[in-house]
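Have a look at the structure below, then the notes.
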Amino acid sequence: MASCPVAYPAPFFFRLRSMPRPKPSLKARALRYLSAREHSRLEIARKLARHAEEGDDVEAVIDWLEASKFLSEPRFAESLVNRRAARFGNSRILSELHSHGLDESLVAGLKTALAEGENERAWLVWERKFGTVASTPAESARQMRFLLQRGFSMGAIQTVMRRAVRGQPE
């Protein structure tokens, strides 16, 4: 007995794949970016400008985000400091804050808060990376360069090196 193939229509999920998806609006894109992490006004404008079409007003979307409290520069600055403080020094964090175009008064307030704990943060970074006292001057210089590249001040680095030689916390 010969079988006769019957043509059934494709299931709906196969048809959906071939349909073009509509592009998300600028507002939807902005909310998706902000759901992942905090962004500065400058950063979100740069990201949205890539997707803006003729007639789209990126500044109006950003103003709406700020009015709706989805976008907040002080909240972004706190978030950036919290993310970076465990790995980087004050100068590196402050330069990143400046690169995002934040207000000087906001950065100055964060600068004083960062300065209080820089020695301890430098010690934790040094301890995590090296953990042992340098045996040669070249090794000591390498450890100091590492901390300098991470953005720690020379005062904090010298405190860490003295603390390591003594082998006890200050």
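The values are calculated or read from the model by the stated rules, or taken from the named source; none is laboratory data. This is a predicted model, so every value here is computed, not measured. Heads up, the Cβs are rebuilt from the backbone with ideal geometry, glycines too, and the neighbour counts pull from every protein chain shown.
Numbers below:
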quantity	calculated
Looking only at the range 116-158, and only at residues there that are of a type in the set (V, I, T) and assigned to a loop (DSSP other than H, G, I, E, B), the one that is surrounded by the most Cβ atoms within 10 Å (Cβ to Cβ)	V133
Members of the range 159-170 found to be surrounded by fewer than 14 Cβ atoms within 10 Å (Cβ to Cβ) and not in a loop (DSSP other than H, G, I, E, B), listed by number	R162, V165, R166
Pairs where the first residue, in the range 134-155, is touching a residue at least 40 places away in the same chain (Cβ under 8 Å) and the second is part of a helix (DSSP H, G or I) and of a type outside the set (A, V, I, L, M, F, W, C), C-beta under 6 Å, 6+ apart	G151/S91; G151/R92
Yes/no for F146 being over 24 Å from S40 (Cβ atoms) and of a type outside the set (G, A, S)	yes
Qualifying residue in the range 101-117 (condition: of a type outside the set (A, V, I, L, M, F, W, C), over 24 Å from E43 (Cα atoms) and in contact (Cβ under 8 Å) with a residue 24 or more places away in the chain)	yes
Positions within the range 33-79 being hydroxyl-bearing (S, T, Y) and either in a loop (DSSP other than H, G, I, E, B) or not assigned by TED's automatic domain parsing to the domain that holds H98 (or both), in sequence order	Y33, S35, S40, S68, S72
Qualifying residue in the range 49-67 (condition: surrounded by 13 or more Cβ atoms within 10 Å (Cβ to Cβ), free of Cβ contacts under 8 Å to residues at least 12 places away in the same chain and more than 27 Å from M154 (Cβ to Cβ))	yes
